[in-house]
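Accompanying notes for the structure given below.
Every read-out reported here was derived from the displayed coordinates using simple, explicitly stated rules and does not represent laboratory data. From a predicted model like this one, the values you see are computed outputs, not experimental measurements. Virtual Cβ from ideal backbone geometry, glycine too; neighbours counted across all protein chains shown.
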Amino acid sequence: QFSINMLEGITCKFENLREASLNIDFGQLSSVLSIDSLLKFAPHIEHLEIQTLDTELDKEKIDEDSLNSEISSDLFASLKHVSLTGAKHRENQMCFMKFLLSKAGSLETFAVTFMFDDDGKSEWFENKCRELIECQKASPQLLLTAKVTQDGSCQGAILDQLTGHLKVQILMYESKGFVQMICARLAPMYI
């Protein structure tokens, strides 16, 4: 299976493009670099939607050093709203999210929707929320939103970067027991 940077080599600029959506395989650096290519030829994008492609394993390890060497941090200058949907608790995805948050100085909102695994455990969601709270952020006005979804059920948390607190917000749900379990575990730790 090929996973290449389909946007590499585009030479014209799209100066008026303000919104974009990409499907990214975070298991391969070449796919992640599609974001770099997009922001090079469309430097004024403010709203970026990223849908993760479902892959079983990270084929290549992506770390902060590889991202720093491949992606210029000034490319994130115009980003104001970024959403990442379909994330699992994989290291490459978390590394990219933390990299983006540390470089995007104008970012106002970052919303990530994690896909809940069938293992029935919520600890990984708590840990990933904590990682996002504690990572370095370039934007002082940033509002982080994390959600977890499974089969149409969704529960979420607003991560307040300024105070470091996690405020739980129920958005909608199918499995009431699942939502109550997450809220009970998150709320005492942060509020």
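Of note:
- Annotation: K40 fulfils all but one of (1) assigned to a helix (DSSP H, G or I); (2) in contact with a Leu (Cβ under 6 Å, 6 or more places away or on another chain); (3) of a type in the set (D, E, K, R); the unmet one is (2).
- Some residue of region 10-30 being closer than 16 Å to L144 by Cα and surrounded by fewer than 20 Cβ atoms within 10 Å (Cβ to Cβ): no
- Complete set of residues in region 80-113 that are surrounded by 18 or more Cβ atoms within 10 Å (Cβ to Cβ) and over 13 Å from the mean Cα position of the chain (by Cα): K103
- Here region 77-96 is the region considered, the condition is being in a helix (DSSP H, G or I), without any contact (Cβ under 8 Å) to a residue 60 or more places away in the chain and touching a helix residue (DSSP H, G or I) at 6+ places or on another chain (Cβ under 7 Å), and the residue that is nearest to K40 (Cα to Cα) is C95.
- S37 being farther than 28 Å from F116 by Cα, surrounded by 16 or more Cβ atoms within 10 Å (Cβ to Cβ) and not β-branched (V, I, T): yes
- Residue check: K59 meets all listed conditions (1) assigned to a loop (DSSP other than H, G, I, E, B); (2) closer than 23 Å to P140 by Cα but one, namely (2).
- Qualifying residue in region 101-108 (condition: in a helix (DSSP H, G or I), out of contact with any helix residue (DSSP H, G or I) (no Cβ under 7 Å at 6 or more places or on another chain) and either closer than 17 Å to S30 by Cα or small (G, A, S) (or both)): yes
- Contact map, region 124-138: residues that are within 18 Å of T149 (Cα to Cα) paired with residues that are surrounded by fewer than 16 Cβ atoms within 10 Å (Cβ to Cβ), Cβ distance under 7 Å, separation 6+ or inter-chain. Pairs shown: E126/R185.
- Failed item, numbered, when E49 is tested on (1) touching a strand residue (DSSP E or B) at 6+ places or on another chain (Cβ under 6 Å); (2) buried (at least 18 other Cβ atoms within 10 Å of the Cβ): (2)
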